[in-house]
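In what follows, a structure is listed as structure tokens, so that the remarks can point back to it.
The values are calculated or read from the model by the stated rules, or taken from the named source; none is laboratory data. Predicted model only: the values in this text are computed from it and were never measured. A quick note on method: Cβ atoms are made from the backbone with ideal geometry, for glycine too, and the neighbour counts reach across all protein chains shown. The protein model used for the area step is the full one, side chains on, heavy atoms only, and it has no ligands, DNA or RNA in it. Shrake-Rupley method; radii C 1.70, N 1.55, O 1.52, S 1.80 Å.
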Amino acid sequence: MPTVHRGITRTVVLTRRYAVKVPSLRGHAEGGLRGRLAGLAHGLLANQSERQWSGYEPWVGLVAPVLWSWLGGVVQVYPRCEPLPVTCRHEYVGDESLPVLDPDPGDHKADNYGLLDGRIVRIDYDLR
């Protein structure tokens, strides 16, 4: 059964094998329609950014790759990554075992990393 995770700018649907990211209309609710449209635009730009950086040679193997992208980034598909084990998340964050990306997308919280084929990869890496 797929699970759905909602962020401010994107919604992620997790299936058994894939993660599907789409821009979200949640946005900044206090901004009304304008805030929601801004959130949608930020989500689309995040997907487009990840599609562009996914194939960047120095990052290959360090980020979850974009497998497919449709409609200019409206729908984007990645391999599903496992979350970092909860018991040791604090050990990973700030640790040299995390992938080092240059340029650095920032925001080094544990939720931005996952395990793909037994190695730690960045799963949220847009540079908008």
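Ignoring ligands and nucleic acids, what accessible area does residue 102 show with a 1.4 Å probe (Å², nearest 10)?
Spelled out: residue 102, probe radius 1.4 Å, area about 120 Å².
Only helical DSSP H runs with n ≥ 4 go in: add -39500 (n - 2.57) per run for the chain, normalise by residue count and round the 222 nm mean residue ellipticity to 500 deg cm²/dmol.
-6500 deg cm²/dmol
For the chain, which whole-number percentage of the solvent-accessible area (1.4 Å probe, protein heavy atoms only) is attributable to carbon and sulfur atoms?
About 58 percent, which is the carbon plus sulfur part of the accessible surface.
Antiparallel DSSP bridges in the chain: what percent, to the nearest 5?
Counting DSSP beta bridges with both partners in the chain, the antiparallel share is about 95 percent.
How would 14, 33 line up by accessible area, probe 1.4 Å, largest first?
These residues rank, largest area first, as 33, 14.
Quote to one decimal, in nm, the extra length available between residue 38 and residue 117 on full extension: 0.36 nm per residue of separation minus the C-alpha distance between them.
Between residue 38 and residue 117, full extension yields 24.9 nm more.
Could I have the simple spin-label model distance between residue 70 and residue 56, label points 7 Å from Cα toward Cβ, reported in nm to one decimal?
2.7 nm
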